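J.: One structure follows; several queries about it will come next.
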Amino acid sequence: MIDGGAPKQVKGFTKALERLSLKPEDIRLIVMTHGHWDHIGSAKEIKNITGAKLALHQQERDWLEKSLTKLPPGVTAWGQILVKIMAMFMPLVHIPTTNVDIVLGDENFPLTEYGIPGKIVYTPGHSIGSVSVLLERGDAFVRDLAMSGFPLRLNPGLPILAENMQKVRSCWKVLLDQGAKTIYPSHGKPFSVDIIQKALLE
Ligand SMILES: [Zn+2]
Ligand SMILES: [Zn+2]
């Protein structure tokens, strides 16, 4: 499983399991792509239900273990406005804490042990501890390293919120080199990597 959603999303999670005819214990690993509240907020409860191990990069393990709610800066005019709006709601957000079982480093982490033909790749930029899941067939679950949906972006493209856009761009080159073809962001629908290739030229 990739990411754990915003806080209090467990009902949606159990419904999704039913829809997919999966048992909770079928999930053995939850890869948290980064520590933002909308990605780790239900991690504790999902871990309790499934018994899965939680993986998160070392730079952001504290965000889950100590309930930190950091926001990335906006890198476009709309991004800056959106961060200001989100900041007003952050005092209402609480992330239930839990321990990170697998602390990811900067090197690739193979997923073959979990029956998945792919790996975790360290892709900082949106946040310092962001990772992506890249499957051998080219599916790239990059989460917030790209954005494609309202209210973030109207069309797919690079993130409008990021700590370091230079790192975002260099991570995209790494993912392209390693065979990324179809991009799965968290916010918005999947899209072809061609769009990113064009955006990197701009
Ligand atoms: Zn994020
Ligand atoms: Zn997000």
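J.: Hey, among the residues in region 1-58 that are away from ligand 2 (no atom under 16 Å from the Cβ) and β-branched (Val, Ile, Thr), which one's nearest to Ala140 (Cα to Cα)?
T.: So, considering only residues that are away from ligand 2 (no atom under 16 Å from the Cβ) and β-branched (Val, Ile, Thr), the one nearest to Ala140 (Cα to Cα) is Ile27.
J.: Additional query: Which of the numbered conditions does Glu202 fail, given that it passes all the others? Conditions: (1) farther than 20 Å from Met1 by Cβ; (2) among the acidic types (Asp, Glu); (3) at pLDDT 95 or above.
T.: (3)
J.: Moving on to the next point. Select from region 162-174 the residues that are aliphatic (A, V, I, L, M) and surrounded by fewer than 22 Cβ atoms within 10 Å (Cβ to Cβ) and write down the one among them that is nearest to ligand 2 (Cβ to nearest atom).
T.: Selected residue: Met165.
J.: Within region 19-46, can you find the residues that are surrounded by fewer than 24 Cβ atoms within 10 Å (Cβ to Cβ), within 15 Å of ligand 1 (Cβ to nearest atom) and touching a residue at least 60 places away in the same chain (Cβ under 8 Å)?
T.: Asp38
J.: Then there's this: In region 179-192, what residues are in contact with a strand residue (DSSP E or B) (Cβ under 6 Å, 6 or more places away or on another chain) and either away from ligand 1 (no atom under 16 Å from the Cβ) or among the basic types (Lys, Arg) (or both)?
T.: Result: Ala180, Thr182, Pro190, Phe191.
J.: Give me the residue from region 47-58 that is surrounded by fewer than 20 Cβ atoms within 10 Å (Cβ to Cβ) and either under 15 Å from the mean Cα position of the chain (by Cα) or not basic (Lys, Arg) (or both) and, out of that set, farthest from Ile102 (Cα to Cα).
T.: Result: Ile49.
J.: From the set of residues in region 123-147 that are more than 14 Å from ligand 1 (Cβ to nearest atom) and in contact (Cβ under 8 Å) with a residue 24 or more places away in the chain, which is surrounded by the most Cβ atoms within 10 Å (Cβ to Cβ)? Outline the logic, then answer.
T.: So in region 123-147, the residues more than 14 Å from ligand 1 (Cβ to nearest atom) come out as 133-140.
Those still in the list that are in contact (Cβ under 8 Å) with a residue 24 or more places away in the chain too: 133-134, 136-140.
Details: Val133: 22, Leu134: 24, Glu136: 13, Arg137: 10, Gly138: 15, Asp139: 16, Ala140: 28.
The extreme case among them is Ala140.
J.: For residues in region 59-104 being within 17 Å of Gly4 (Cα to Cα) and polar (S, T, N, Q), which is farthest from ligand 2 (Cβ to nearest atom)?
T.: Asn99
J.: Got at least one residue in region 146-165 being over 18 Å from Thr76 (Cβ atoms) and part of a loop (DSSP other than H, G, I, E, B)?
T.: Step one: of region 146-165, the residues over 18 Å from Thr76 (Cβ atoms) are none.
No, region 146-165 has no match at all.
J.: Of all the residues that make up region 154-192, how many are more than 17 Å from the chain's Cα centre (by Cα) and not hydrophobic (A, V, I, L, M, F, W, C)?
T.: Count: 9.
J.: Among the residues of region 185-198, what is the count of those that are surrounded by 20 or more Cβ atoms within 10 Å (Cβ to Cβ) and within 16 Å of ligand 2 (Cβ to nearest atom)?
T.: Looking only at region 185-198, we keep the residues that are surrounded by 20 or more Cβ atoms within 10 Å (Cβ to Cβ), and these are 185-186, 196.
Still in the running and within 16 Å of ligand 2 (Cβ to nearest atom): 185-186.
Total satisfying the criteria: 2.
J.: Out of the residues in region 62-105 that are β-branched (Val, Ile, Thr) and part of a helix (DSSP H, G or I), which is surrounded by the fewest Cβ atoms within 10 Å (Cβ to Cβ)? Give the steps one after another, and end with the answer.
T.: Looking only at region 62-105, we keep the residues that are β-branched (Val, Ile, Thr), and these are 69, 75-76, 81, 83, 85, 93, 95, 97-98, 100, 102-103.
Subsequent filtering for residues that are part of a helix (DSSP H, G or I) retains 81, 83, 85.
Details: Ile81: 12, Val83: 16, Ile85: 9.
Checked region 62-105; the qualifying residue surrounded by the fewest Cβ atoms within 10 Å (Cβ to Cβ) is Ile85.
The values are calculated or read from the model by the stated rules, or taken from the named source; none is laboratory data. Model, not experiment: these values are computed from the prediction. Note that we place each Cβ from the backbone using ideal geometry, even for glycine, and neighbour counts take in every protein chain shown.
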